[in-house]
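Enquirer: Have a look at this one before I ask anything.
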Amino acid sequence: MTAVPVQRGLEDVVALESKICFIDGKQGRLIYEGYDIRELAERSTFEEVAYLLWYGRLPTEAQLEELTERLRQLRAVPEGVIETLHDLPTGTTPMDALRTAVSALASFEPEEGRPGATSIGGAQRLVAVLPAIISEFDRRRRGRSALPERPDLSHAANVLYLLTGREGSEMDVRAMDVALILHADHELNASTFAARVTASTLSDLYSAITSAIGALKGPLHGGANERVMELLRAIQTVDRVEPVVQEKLARHERIMGFGHRVYKVEDPRATILRTWSRRIGEEKGDLRWYDLLQKLCEVVHREKGLYPNVDLFSGSVYSLLGIPDDLFTPLFAVSRVSGWTAHVLEEYADLRLIRPTARYTGPTDLPYVPLDRRA
Ligand code: SDX
């Protein structure tokens, strides 16, 4: 019998069926529950997209208002989680703090208010509370007190307020809303797959999302947008893009923000974020990052035939909105927790333990040598 070929990284392996997200890597299309991301980015809100991912359809006005109100009610961080954050050593990274806080959260949810470890209530809770967890951690490490709650703000406006301490302009808030929509789901990316594997054992929602956060932290996945900004700050001027890229490629280094396992053309999210990087740059009178990124696209495509992915332009938008670099990946989680929870709920609804196999390449039938006779 011919051996089943090993697909390293499970590349192109179809692991399950899902109706949540479709990616056409050849055409560069991304669809959430039947709706093209370009239309959602143009016309929708993050709250509406979260509803779509969880329920498989766009909400009515009343359903959207109910969800929006529910999310506002679920924003507060339990005192015990705040203390857990405060007990973390100085220098703890934001992604380590977020992973720790979400892991602790389930233990501190008030019994009567526990939204349910495997319910949509838990999903809503996690979407609502993550921004405040990140804000608590970030302000504490800067020696600042927590911000007063702002139940009047939309989800995107509240995220911007919590991560920068200020209300943004209408355009700033829209840019944040679009970024949250664009990052909400992406089929079986590594962190979503980690969440589904955890859920497939019938573990709880908080454990599944803790798994996902751990996976997202990796620079080959969620951590790339922060490294893109490090690269831009190192390059500084457009005339230095070419030599710096050539040096990195000569050392066989990856250029963060480029390439993708699925997209073989430009990531449609990068196309939209490029527009917002220019738009916000023009509004703030600062096109430094946009100009550097455009030159980077030209050089990397010419040298490696690679296209930008979602992480290339997102950092420039966040930076212009006043968000610190090391909060970019936590911000990715703030959005993706909607997709993660949708996939976990889908897994619970049609459960199958995820357990692939490995091809064993070691020896067999070795004789056991007692300890005192080993060389
Ligand atoms: C995200 O899966 C998802 O959907 C993820 C995501 C989501 O929304 O959840 O889209 C978010 O993670 C976006 C990707 C962010 N990561 C980065 O920008 C890191 C840089 N990118 C690469 O590490 C890479 O492109 C990956 C990891 C994204 C994809 O890598 P693959 O599919 O495993 O491709 P590969 O490593 O087999 O590379 C194929 C070739 C290699 O050349 P050779 O060694 O064969 O000559 O392309 C080269 C690679 O060296 N290559 C790059 C490169 N990406 C691939 N060379 C330089 N810079 C790069 N960025």
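Enquirer: Within region 239-249, can you find the residues that are away from the ligand (no atom under 16 Å from the Cβ) and acidic (Asp, Glu)?
Expert: Residue satisfying the conditions is Asp239 alone.
Enquirer: Please go through region 232-265 and give me each residue that is at positive phi and among the small types (Gly, Ala, Ser), ordered by number.
Expert: Keep residues of region 232-265 that are at positive phi, which gives 236, 252, 257, 259.
Listed by number, the residues that qualify are Gly257, Gly259.
Enquirer: Picking from Ala184, Ala194, Ala199, Ala224, which residue would you name as being within 12 Å of the ligand (Cβ to nearest atom), in contact with an Asp or Glu (Cβ under 7 Å, 6 or more places away or on another chain), open to solvent by less than 30 Å² (accessible area, probe 1.4 Å) and not β-branched (Val, Ile, Thr)? Give the derivation first.
Expert: Numbers: Ala184 fails: in contact with an Asp or Glu (Cβ under 7 Å, 6 or more places away or on another chain); Ala194 fails: in contact with an Asp or Glu (Cβ under 7 Å, 6 or more places away or on another chain); Ala199 fails: within 12 Å of the ligand (Cβ to nearest atom).
Matching residue, one of Ala184, Ala194, Ala199, Ala224: Ala224.
Enquirer: Something else: Go through region 261-294 and give me each residue that's within 13 Å of the ligand (Cβ to nearest atom) and open to solvent by 60 Å² or more (accessible area, probe 1.4 Å).
Expert: If the condition is that a residue be within 13 Å of the ligand (Cβ to nearest atom) and open to solvent by 60 Å² or more (accessible area, probe 1.4 Å), then Arg261, Lys264 are the ones that fit.
Enquirer: Of the residues Glu83, Glu47, only one is of a type outside the set (A, V, I, L, M, F, W, C), closer than 25 Å to Asp138 by Cα, assigned to a helix (DSSP H, G or I) and open to solvent by less than 40 Å² (accessible area, probe 1.4 Å); which? Please lay out each step first, then the result.
Expert: Working: Glu83 fails: open to solvent by less than 40 Å² (accessible area, probe 1.4 Å).
Testing whether each residue is of a type outside the set (A, V, I, L, M, F, W, C), closer than 25 Å to Asp138 by Cα, assigned to a helix (DSSP H, G or I) and open to solvent by less than 40 Å² (accessible area, probe 1.4 Å) leaves just Glu47.
Enquirer: Could you look through region 164-181, keep only residues that are more than 16 Å from the ligand (Cβ to nearest atom) and open to solvent by less than 10 Å² (accessible area, probe 1.4 Å), and pick out the one that is nearest to His343 (Cα to Cα)? Show your work before the answer.
Expert: Filtering region 164-181 for residues more than 16 Å from the ligand (Cβ to nearest atom) gives 164-177.
Filter once more, so that each one left must be open to solvent by less than 10 Å² (accessible area, probe 1.4 Å): 172, 175-176.
Working: Asp172: 29, Ala175: 26, Met176: 23 Å.
Top of the filtered list is Met176.
Enquirer: Would you check which residues across region 135-144 are open to solvent by less than 90 Å² (accessible area, probe 1.4 Å) and over 23 Å from the mean Cα position of the chain (by Cα) and list them? So that I can check it myself, show each step before the final result.
Expert: Initial filter on region 135-144 (open to solvent by less than 90 Å² (accessible area, probe 1.4 Å)): 135-139, 143.
Within region 135-144, just Gly143 meets the criteria.
Enquirer: May I ask you to verify whether Thr2 is more than 25 Å from Asp350 (Cβ to Cβ) and not assigned by TED's automatic domain parsing to the domain that holds Ala157? Don't jump to the end; show me each part of the working.
Expert: Numbers: more than 25 Å from Asp350 (Cβ to Cβ): yes; not assigned by TED's automatic domain parsing to the domain that holds Ala157: yes.
When the stated conditions are applied, Thr2 passes them.
Enquirer: Among the residues of region 299-349, how many are open to solvent by 10 Å² or more (accessible area, probe 1.4 Å) and of a type in the set (Phe, Trp, Tyr)?
Expert: So the answer is 2.
Enquirer: Conditions first: (1) within 11 Å of the ligand (Cβ to nearest atom); (2) under 23 Å from Arg99 (Cβ atoms); (3) open to solvent by 20 Å² or more (accessible area, probe 1.4 Å). His252 passes all but one, so which condition is the exception?
Expert: Looking at each condition in turn, His252 falls short on (2).
Enquirer: While we're here: Just give me the residues in region 298-322 being over 22 Å from Glu282 (Cα atoms), of a type outside the set (Asp, Glu) and part of a helix (DSSP H, G or I), in sequence order.
Expert: Val299, Val300, His301, Arg302, Lys304
Enquirer: Scan region 178-192 and give yes if some residue there is more than 29 Å from His260 (Cβ to Cβ) and either over 18 Å from the mean Cα position of the chain (by Cα) or modelled with pLDDT of 95 or more (or both), otherwise no. Walk me through how you get there before you give the answer.
Expert: From region 178-192, those more than 29 Å from His260 (Cβ to Cβ) are none; that's our starting set.
No: region 178-192 contains no residue that is more than 29 Å from His260 (Cβ to Cβ) and either over 18 Å from the mean Cα position of the chain (by Cα) or modelled with pLDDT of 95 or more (or both).
Enquirer: If you check Ser154 against the conditions, is it in contact with a Lys or Arg (Cβ under 7 Å, 6 or more places away or on another chain) and either surrounded by fewer than 18 Cβ atoms within 10 Å (Cβ to Cβ) or touching a residue at least 60 places away in the same chain (Cβ under 8 Å) (or both)?
Expert: Details: in contact with a Lys or Arg (Cβ under 7 Å, 6 or more places away or on another chain): no; either surrounded by fewer than 18 Cβ atoms within 10 Å (Cβ to Cβ) or touching a residue at least 60 places away in the same chain (Cβ under 8 Å) (or both): yes.
Here the answer is no, as Ser154 does not meet what is asked.
Enquirer: In addition: For region 5-21, which residues satisfy the criterion of being open to solvent by 100 Å² or more (accessible area, probe 1.4 Å) and touching a residue at least 60 places away in the same chain (Cβ under 8 Å)? Write out each step before concluding.
Expert: Step one: list which residues in region 5-21 are open to solvent by 100 Å² or more (accessible area, probe 1.4 Å), which gives 8, 12, 14, 17, 19.
Passing the criteria: only Lys19.
The values are calculated or read from the model by the stated rules, or taken from the named source; none is laboratory data. Just so it is clear, the model here is predicted, and its values are computed rather than measured. Don't worry about glycine lacking a Cβ; one is built from the backbone with ideal geometry, like all the others, and counts go over all protein chains shown. Surface accessibility is based on the protein's heavy atoms, side chains included, excluding ligands, DNA and RNA. Shrake-Rupley method; radii C 1.70, N 1.55, O 1.52, S 1.80 Å.
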